[in-house]
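Asker: Quick one: the structure is below, questions incoming.
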């Protein structure tokens, strides 16, 4: 975790749930390429929201649940090219942009933007896709959200201890 003015990064071997239970909060929370691997994405987003200060930013990147994403992330990346071990991904656990927006709204956050992203293996880096339209969100995408000042959770328990 990096705190403004601290001058260094504070690395901790812990869980998001433990940080939330301790009352920790941060200006920015990132859940990059992880939500499609957790057992309860609704709870994961809720905990990340609890870790975010009011008016703070949350960023999530993940894989959309589409036929295109299945073709590229499972058939191509896992089985043909063997970039990642078979079984790394479960297409049923991929999150659509609509689902992620719902998780964020019920966790007291408003989506600011969503953009498609693509990994360029020949450059070993991610690229933000330009243009408008849903075509950009067919595979990997990133969402930026703002934690509401009121922090109001909609239809969920606010105490993380009750959710764990």
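The values are calculated or read from the model by the stated rules, or taken from the named source; none is laboratory data. All values reported here derive from a predicted model rather than from experimental measurement. Using ideal geometry, Cβ is built from the backbone for each residue, glycine included, and neighbour counts are taken over all protein chains shown.
Asker: Name, by its number, the condition in (1) in contact (Cβ under 8 Å) with a residue 60 or more places away in the chain; (2) crowded, with 17+ Cβ neighbours inside 10 Å; (3) within 13 Å of the chain's Cα centre (by Cα) that does not hold for residue 59.
Answerer: (2)
Asker: I've got another one for you. Could you check residue 53 against (1) modelled with pLDDT of 95 or more; (2) under 16 Å from residue 118 (Cα atoms); (3) not in a helix (DSSP H, G or I) and say which number it fails?
Answerer: Among (1) modelled with pLDDT of 95 or more; (2) under 16 Å from residue 118 (Cα atoms); (3) not in a helix (DSSP H, G or I), residue 53 violates only (2).
Asker: Only one of these conditions is not met by residue 130: (1) modelled with pLDDT of 95 or more; (2) surrounded by fewer than 14 Cβ atoms within 10 Å (Cβ to Cβ). Which number is it?
Answerer: (1) is the only condition that residue 130 fails.
Asker: Mind checking whether some residue in the stretch 110-118 is at pLDDT below 90, farther than 27 Å from residue 26 by Cβ, touching a strand residue (DSSP E or B) at 6+ places or on another chain (Cβ under 8 Å) and in a strand (DSSP E or B)?
Answerer: Let us first name the residues in the stretch 110-118 that are at pLDDT below 90, namely 118.
Within this subset, residues satisfying the condition of being farther than 27 Å from residue 26 by Cβ are 118.
Next cut, touching a strand residue (DSSP E or B) at 6+ places or on another chain (Cβ under 8 Å) only: 118.
Then keep just the ones that are in a strand (DSSP E or B); that gives 118.
Yes, the conditions are met somewhere in the stretch 110-118.
Asker: Which of the residues spanning the stretch 74-96 are touching a helix residue (DSSP H, G or I) at 6+ places or on another chain (Cβ under 8 Å), buried (at least 17 other Cβ atoms within 10 Å of the Cβ) and in a helix (DSSP H, G or I)?
Answerer: Result: 74, single match.
Asker: When the stretch 29-44 is examined, which residues are found to be in a strand (DSSP E or B) and surrounded by 15 or more Cβ atoms within 10 Å (Cβ to Cβ)? Steps first, please.
Answerer: To start, the set of residues in the stretch 29-44 that are in a strand (DSSP E or B) comprises 29-32.
Once the filter is applied, which keeps residues that are in a strand (DSSP E or B) and surrounded by 15 or more Cβ atoms within 10 Å (Cβ to Cβ), the stretch 29-44 yields 29, 31.
Asker: So, in the stretch 63-73, of the ones that are in a helix (DSSP H, G or I) and in contact (Cβ under 8 Å) with a residue 40 or more places away in the chain, which residue ends up farthest from residue 34 (Cα to Cα)?
Answerer: Of all residues in the stretch 63-73, those in a helix (DSSP H, G or I) come to 67-73.
Among the residues that remain, those that are also in contact (Cβ under 8 Å) with a residue 40 or more places away in the chain are: 68-69, 72-73.
Values: 68: 19, 69: 16, 72: 18, 73: 14 Å.
Top of the filtered list is 68.
Asker: Residue check: is residue 43 under 11 Å from the mean Cα position of the chain (by Cα) and in contact (Cβ under 8 Å) with a residue 60 or more places away in the chain?
Answerer: Details: under 11 Å from the mean Cα position of the chain (by Cα): no; in contact (Cβ under 8 Å) with a residue 60 or more places away in the chain: yes.
The answer is no for residue 43.
Asker: Moving on. Give 74, 9 a once-over and let me know the one that is over 15 Å from residue 141 (Cα atoms), modelled with pLDDT of 95 or more and over 13 Å from the mean Cα position of the chain (by Cα). I'd like the intermediate steps shown before the answer.
Answerer: Working: 9 fails: modelled with pLDDT of 95 or more.
Answer to the check: 74.
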